[in-house]
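Laboratory data are not the source of any read-out in this text; all were calculated from the coordinates shown. Small disclaimer: the values here were computed from a predicted structure and weren't measured. Neighbour counts run over all protein chains shown; Cβ positions are idealised from the backbone, glycine included.
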Amino acid sequence: MTQENGGFAALDLHPNVLAAVIATGYEEPSAIQIQAIPVILAGHDMIGQAQTGTGKTAAFALPILSRIDPAKRQPQALILAPTRELALQVATAFETYAKQMPGVNVIAVYGGAPMGPQLKAIRNGAQIVVATPGRLVDHLRRDEKVLSTIQHLVLDEADEMLKLGFMDDLEVIFKAMPESRQTVLFSATLPHSIRSIAEKHLRDPKHVRIETKTQTVTAIEQVHLMVHADQKQAAVLRLLEVEEFDALIGFVRTKQATLDLASALEAKGYKAAALNGDIAQNQRERVIESLKDGRLDIVIATDVAARGLDVPRITHVMNVDMPYDPESYVHRIGRTGRAGRTGRALLLVTPRERRMLQVIERVTGQKVGEVKLPDAQQVLDARIKKLTNSLAPLVADAEASHGELLDRLTADIGCSPRALAAALLRKATNGQALTLAEVERDQPLVPGGSSSGPRERSERSERPDREGSRERRAPVPVGEGRARCRTALGARDGIAAKNLLGAILNEGGLVREAIGRIQVRESFSLVELPEEGLENLLSKLKDTRVGGKPLKLRRYRED
Ligand code: ADP
Ligand code: MG
């Protein structure tokens with residue numbers, strides 16, 4: 001591990017900061033970190049220009065933590081961030097990097113929380129203050145001395161702060177700090193307004209600029225697939241049939257999902273394993289080793305568990321669940337295309353996640369083209385191609401070694417060589433579906449297969465209507481905060497609303513008020529359930545039976 005952390009070790013950080021970085025799992029400093037850390041450590045003012053997701057927080061947090069004096073219980077560094085969320089993020093990052101520095105305290109100061117405790121924490125000796133400009137100015141009004149001991153100031157996302165109209169607040173804040181302080185400004189863009197702040201308030205700043213945008217992702221081909229949430233697993237299985245991957249990492253949001261998907265893949269014969277935060281460290285390392293040396297080909301992971309994972313064999317990253325933000329998307333797909341190789345990143349997008357797709361395209365500066373779900377023909381072609389590839393190299397010397405045996409067997413059995421070859425193929429392929437009809441039966445996923453987009457969605461939403469024209473009715477709006485769920489149990493199964501209600505109340509542990517309208521139709525029923533905790537509830541009800549039949553309640557989307 002020490003060798004892998006050589007990059008950070010060379011940066012002259014305080015040993016306790018270095019230790020915390022290593023504990024965090026970072027292996028190499030990012031480009032902005034390599035350039036900015038020495039400049040900030042040396043005490044220079046600096047203007048740093050880099051896009052989101054390039055690791056700017058650590059670029060200033062690590063050198064600043066290395067330079068403060070934990071023994072002095074007074075504010076020494078001030079970080080200004082445009083929003084409460086960003087301020088909290090930065091404060092959390094500082095806390096992480098300061099884990100091994102006893103006595104260092106971080107306080108986040110933002111609007112919407114009472115001022116008293118914030119001011120008290122500052123006065124009680126928090127060395128690091130992370131604040132939004134507006135709230136900080138409120139504090140200055142109460143106590144104009146509150147920033148008088150600050151020696152390091154960071155303006156994080158300076159362009160955003162100006163866009164939000166914090167210019168005047170910034171001026172007030174600048175005035176409240178010693179002139180001798182160090183000032184560091186980070187911004188994705190450097191419009192005129194930022195340059196003039198820099199001219200006025202920074203002393204002889206060094207410029208650090210990271211040529212950005214696509215640097216992390218140029219070697220990676222990115223595509224997305226529109227899919228319904230409840231068809232994800234089937235879609236993954238089908239995609240894997242046609243993707244030619246060496247090793248693949250799939251990202252999901254929950255620990256349970258890592259287990260579910262990994263075991264579904266294993267059941268299909270893939271060498272797959274789950275990687276999540278519950279898995280003990282040494283077991284996790286074993287999984288990664290196995291992926292490296294080919295004992296595993298697929299790992300299904302949560303973001304946390306895959307942090308820092310670097311396996312050159314990985315040719316594919318599959319975002320089975322949407323990442324929470326574009327940064328983690330960039331991070332995830334950075335698991336492939338390592339060391340100058342090319343990689344492929346697949347993103348599964350459910351209809352409600354379309355907006356996130358656009359955000360990702362904007363942030364990465366690249367189009368994430370759409371692919372369709374492979375149809376049965378493509379699956380068949382891929383299977384035959386794989387079989388061809390595995391057999392072709394064996395043909396060359398087979399006749400020499402096994403030709404006589406073949407003659408004898410055909411004579412003994414009394415069949416043609418073609419018949420025998422066919423029998424051997426059947427054996428070799430282990431009953432795998434190798435005709436179109438079989439593949440279609442084997443993978444009854446989406447009607448038509450190739451239309452997984454909007455068309456498919458509208459087909460799905462019409463499905464209840466198609467089940468009987470008697471049942472054609474105008475859709476009723478779903479109650480607020482509720483999601484409509486569907487079961488294939490209906491009146492023809494002898495089901496009444498009270499049966500559904502009873503089962504869901506008992507097994508789901510809900511109160512009556514939590515359940516909205518229940519509509520029982522001939523061949524299916526709809527139930528409105530609380531949106532909050534829905535996934536949880538549905539998994540609780542996974543094995544519930546009503547009238548002896550599986551309830552199989554699923555979210556029902558009409559969008
Ligand atoms: P920015 O401020 O440039 O948008 P962040 O500082 O928020 O980027 O960092 C983005 C993500 O990258 C965070 O999850 C952070 O923990 C992670 N990160 C930062 N530096 C490294 C590194 N050297 N190695 C691995 N992950 C890193
Ligand atoms: Mg940032």
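Assorted remarks:
- Inter-part distance where region 226-245 and region 83-111 are each reduced to a Cα centre, Å: 40
- Loop sites in region 160-243: trypsin sites (Lys or Arg not before Pro), DSSP, at most 13 other Cβ within 10 Å: R203
- Beta bridges by DSSP in the chain, antiparallel share as percent, to the nearest 5: 20
- Region 510-543 and region 164-194: distance between their alpha carbon centers, rounded to Å: 52
- Region 505-559: C-alpha gyration tensor shape, a/c 1.5 cut-off, then a/b vs b/c: rounded
- Anisotropy class of the chain from Cα gyration tensor, a/c 1.5 cut: oblate
- Length-normalised contact order for region 196-291 - Cα pairs under 8 Å, 6+ apart - percent: 15
- Region 92-183: C-alpha gyration tensor shape, a/c 1.5 cut-off, then a/b vs b/c: rounded
- Principal-axis analysis of the Cα atoms of the chain puts helix 15-24 at an angle of about 20° to the longest axis.
- Working from Cα pairs under 8 Å separated by at least six residues, relative contact order for the chain is 11 percent.
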